[in-house]
1. Restricting attention to the stretch 208-227, does a residue exist that is at pLDDT 85 or above, open to solvent by 50 Å² or more (accessible area, probe 1.4 Å) and assigned to a strand (DSSP E or B)?
2. Run down ILE149, ILE120, ILE125 and say which single residue is more than 14 Å from the chain's Cα centre (by Cα) and among the β-branched types (Val, Ile, Thr).
3. Could you say which residue among GLU88, GLU30, GLU77 is over 30 Å from SER147 (Cα atoms), modelled with pLDDT under 90 and open to solvent by 10 Å² or more (accessible area, probe 1.4 Å)?
4. Looking at this structure, is ILE149 closer than 27 Å to ASP168 by Cα and either among the β-branched types (Val, Ile, Thr) or in a strand (DSSP E or B) (or both)?
5. Might you let me know whether the stretch 104-112 holds any residue that is in a helix (DSSP H, G or I) and touching a residue at least 60 places away in the same chain (Cβ under 8 Å)?
6. Name the residues in the stretch 103-118 that are among the small types (Gly, Ala, Ser) and surrounded by fewer than 20 Cβ atoms within 10 Å (Cβ to Cβ), would you?
7. If I ask for residues that are hydrophobic (A, V, I, L, M, F, W, C) and touching a residue at least 60 places away in the same chain (Cβ under 8 Å), which ones from the stretch 156-182 would you list?
Amino acid sequence: MKYPDSFEQQIQSVRKYVENPPNQFHNSNEPPQENIIFQGSDVWVDDIVEDHDKCKKLEICSGMGEWVIERASNDTESQWLSLEIRLERIYQIWTKMKLKDVKNLGLLAGDAENLVSNNIANRSIKEIYINFPEPPHSGEDKLFNHSFIDRLKGILTKDGKVYVLTDDEAYKCKIHSLFMDHKFICEIDGEKEQVGEVFKHNSFFDEIWEKRGRDKRFYLLYSLQNQ
């Protein structure tokens with residue numbers, strides 16, 4: 001498939017940008033390129049979105065971006081955000097976003113807790129989705145820990161919700177315990193057949209696991225009611 005020269009040039013520009021991110025944005029008068037915020041920058045989410053009045057929805061651990069791109073495409077009244085730690089996946093998400101002409105999606109590249117703490121304003125996110133977080137193989141969990149849950153609580157709007165989907169039952173129990181420790185309200189704790197249409201998920205990795213017979217899914221939904 002042959003793309004126009006201008007699009008090929010954009011792809012190369014973003015590839016170089018992803019492979020060699022600037023250390024600091026505030027040393028330049030130029031706005032952040034291509035709707036990407038890198039860990040360590042002082043750029044806020046509002047700096048990379050066009051319509052500040054749109055409801056903001058965030059996916060953490062976006063992988064290759066199939067799910068968040070589909071959601072953003074079908075929900076143009078919202079401003080979607082995709083957070084992913086692996087830079088090659090950020091490049092893939094950006095490329096797919098451009099191919100499908102998705103304009104209401106911003107990218108955050110780096111460690112989730114760092115970006116949530118330093119680049120997203122308090123009480124600004126209506127919905128947070130964490131799909132198939134990888135359980136730690138050993139040692140400390142760098143994603144689901146008390147400081148991370150506390151920061152999620154900080155960025156949620158008062159009527160905001162957190163959706164978690166995992167195929168690991170033991171990890172689900174640990175995640176649930178953390179949210180309960182931080183006084184979240186649990187609205188859903190169930191498997192696929194119990195949750196109906198509240199969760200709609202399909203991704204590259206989801207399809208792989210199902211083909212390999214790993215079709216167990218555990219769904220969690222939390223809110224900050226009355227907080």
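The values are calculated or read from the model by the stated rules, or taken from the named source; none is laboratory data. All figures in this text were calculated on a predicted structure; none of them were measured in a lab. Positions of Cβ are generated from backbone atoms using ideal geometry, with glycine treated the same way; all protein chains shown enter the neighbour counts. The protein model used for the area step is the full one, side chains on, heavy atoms only, and it has no ligands, DNA or RNA in it. Shrake-Rupley method; radii C 1.70, N 1.55, O 1.52, S 1.80 Å.
1. no
2. On the way: ILE120 fails: more than 14 Å from the chain's Cα centre (by Cα); ILE125 fails: more than 14 Å from the chain's Cα centre (by Cα).
Answer to the selection: ILE149.
3. Numbers: GLU88 fails: over 30 Å from SER147 (Cα atoms); GLU77 fails: modelled with pLDDT under 90.
Answer to the selection: GLU30.
4. Working: closer than 27 Å to ASP168 by Cα: yes; either among the β-branched types (Val, Ile, Thr) or in a strand (DSSP E or B) (or both): yes.
Yes, satisfied.
5. The answer is no; no qualifying residue exists.
6. Looking only at the stretch 103-118, we keep the residues that are among the small types (Gly, Ala, Ser), and these are 106, 109-110, 112, 117.
Answer for the stretch 103-118, where residues must be among the small types (Gly, Ala, Ser) and surrounded by fewer than 20 Cβ atoms within 10 Å (Cβ to Cβ): just SER117.
7. Residues satisfying the conditions are LEU156, VAL162.
Yes/no per residue for (1) open to solvent by 20 Å² or more (accessible area, probe 1.4 Å); (2) within 16 Å of ASN35 (Cα to Cα); (3) at pLDDT 95 or above:
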| site | (1), (2), (3) |
| --- | --- |
| THR95 | yes, yes, no |
| LEU99 | yes, yes, no |
| ALA121 | yes, no, yes |
| ASN131 | no, no, no |
| THR166 | no, no, no |
